[in-house]
1. Just give me the residues in the range 228-285 being closer than 24 Å to Val363 by Cβ, small (Gly, Ala, Ser) and surrounded by fewer than 16 Cβ atoms within 10 Å (Cβ to Cβ), in sequence order.
2. Which residue out of Phe336, Phe318 is crowded, with 23+ Cβ neighbours inside 10 Å, at pLDDT below 90 and outside any helix (DSSP H, G or I)?
3. Look at Ala100 and say whether it is part of a helix (DSSP H, G or I), at pLDDT below 90, surrounded by 21 or more Cβ atoms within 10 Å (Cβ to Cβ) and not acidic (Asp, Glu).
4. Is it the case that Gly184 is at pLDDT below 70, over 26 Å from Val310 (Cα atoms) and buried (at least 17 other Cβ atoms within 10 Å of the Cβ)?
5. Just for the range 347-387: of the residues that are without any contact (Cβ under 8 Å) to a residue 60 or more places away in the chain and among the charged types (D, E, K, R), which one is surrounded by the fewest Cβ atoms within 10 Å (Cβ to Cβ)?
6. Which residue, of Leu247, Leu262, Leu257, is in contact with a Ser or Thr (Cβ under 7 Å, 6 or more places away or on another chain) and either modelled with pLDDT of 90 or more or assigned to a helix (DSSP H, G or I) (or both)?
7. Go over the candidates Ser291, Ser324, Ser295 one by one and state the one that is at pLDDT 90 or above and either more than 22 Å from Val369 (Cα to Cα) or surrounded by fewer than 20 Cβ atoms within 10 Å (Cβ to Cβ) (or both).
8. Out of the residues in the range 16-70 that are free of Cβ contacts under 8 Å to residues at least 12 places away in the same chain and part of a helix (DSSP H, G or I), state the one that is surrounded by the most Cβ atoms within 10 Å (Cβ to Cβ).
Amino acid sequence: MLALFTLAGLTETIFYGHTNAFTPIYLAELGLSPAQVTVWTGWTAALASAFGLLFLPLWGALADRYARQPLIVRSFVVLAAAAAGMALSGSPWAFLVARALTALALGNSGLMMTTLSEHAPTGRHGLAFSIMNGAAPVGAFVGPLLGGPLVDRLGFRSLMAVDAALLVLITLLTTFGYRDAYRGASTRPVMRMAWESLTMLGRSPQLRTLFPALFLLFGGWMMAFTYVPLAAATLYRGEDVASAVGLVMGTAGIAALIVGPLVGVAADRWGHWRIVLLGAVVALLLWPLPSLASSFQAFTALWGLLNGVVASVFAISFVLLAQSVGAEQRGRVMSFSYLPVNVGLLIGPGLGALITQRSVFAVFPAAAVLTAAGIVVLLRARRHASA
């Protein structure tokens, strides 16, 4: 099960990595000016996230009411359709609609982690979650590195066609590759359960502070992540821009791949809260540095280090959420596990579209400000957890 979920997460991350890394290049090919590309890069990411947030409570409620596996399969069907839609898009608006479709796939990672948490050995949840979430940095490493040359030679549409085929394969594997015995025992209406999922976050003092803390921590990350391709293209001198962007994103992915399991083991040994807080402080100190890079090589190294740290903190934050509620409510809460990133993709790129009018590198000190605020709220959440 761990291997299957890791493979599914890897394929999903490769697809998302491709859309994030090469959207600016494709928007330019669709006829937008450089200034328009900067604005559209932020708003395409933000609007897709906003659309998905409307449906997020429903997925967890359906999973708790009936079963988790069909909801996991649903997400990969949607992603395959979105990839096909982007491959066929011929205008910025058509591309925006196709990318917005990905929002209907939200909630799958939380459901997979809920299922995994019920099968992982006691005391190994941090390691298991780090391995599964290690698929994200691997996808971020492999996807852009392989996708960049393909975009340079065959175009973005060909890349999306390949992604669509891979996502169809994952749909089949998640349908027939494992069996989840969980069946919901509740007979309450789904919409009431969805509403209770939202109110549950507000009733719990720990969740009421933990989620806002994670919104701030990862909002800055998503803001910077959205604009890294444009920053890299600004510093790069040469042809094959897509390959250069792929190198930057790939370096960041392999850094997270190396750091993630080490942080997971450290969290299991010394405490998840302690390691999350320590990682957030390290990220705060690192955030301004990419804006000071004077060369493409320096920027690549600094972003790789920074992404490795923040991605590792992100992986361990799932353990904090999983431990915050009992088994009966865990499915609904964990369906919100990517909510900090989803909200970050709404707030971060939208804010970035405004602050990058003068310089695309302004996102990095802005991310430091959001991280500092997140640490303050995270300390409050820890006090609630200890109470």
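The values are calculated or read from the model by the stated rules, or taken from the named source; none is laboratory data. Just so it is clear, the structure is predicted and the values come from calculations on it, not from any experiment. Note: ideal-geometry Cβ built from the backbone for every residue, glycine included; neighbour counts use all protein chains shown.
1. Answer for the range 228-285, where residues must be closer than 24 Å to Val363 by Cβ, small (Gly, Ala, Ser) and surrounded by fewer than 16 Cβ atoms within 10 Å (Cβ to Cβ): just Gly238.
2. Exactly one residue qualifies, and that residue is Phe336.
3. no
4. So Gly184 passes the test.
5. Looking at residues that are without any contact (Cβ under 8 Å) to a residue 60 or more places away in the chain and among the charged types (D, E, K, R), I get Arg358.
6. On the way: Leu262 fails: in contact with a Ser or Thr (Cβ under 7 Å, 6 or more places away or on another chain); Leu257 fails: in contact with a Ser or Thr (Cβ under 7 Å, 6 or more places away or on another chain).
Result of the check over Leu247, Leu262, Leu257: Leu247.
7. Just one listed residue meets the conditions, Ser295.
8. Selected residue: Ala28.
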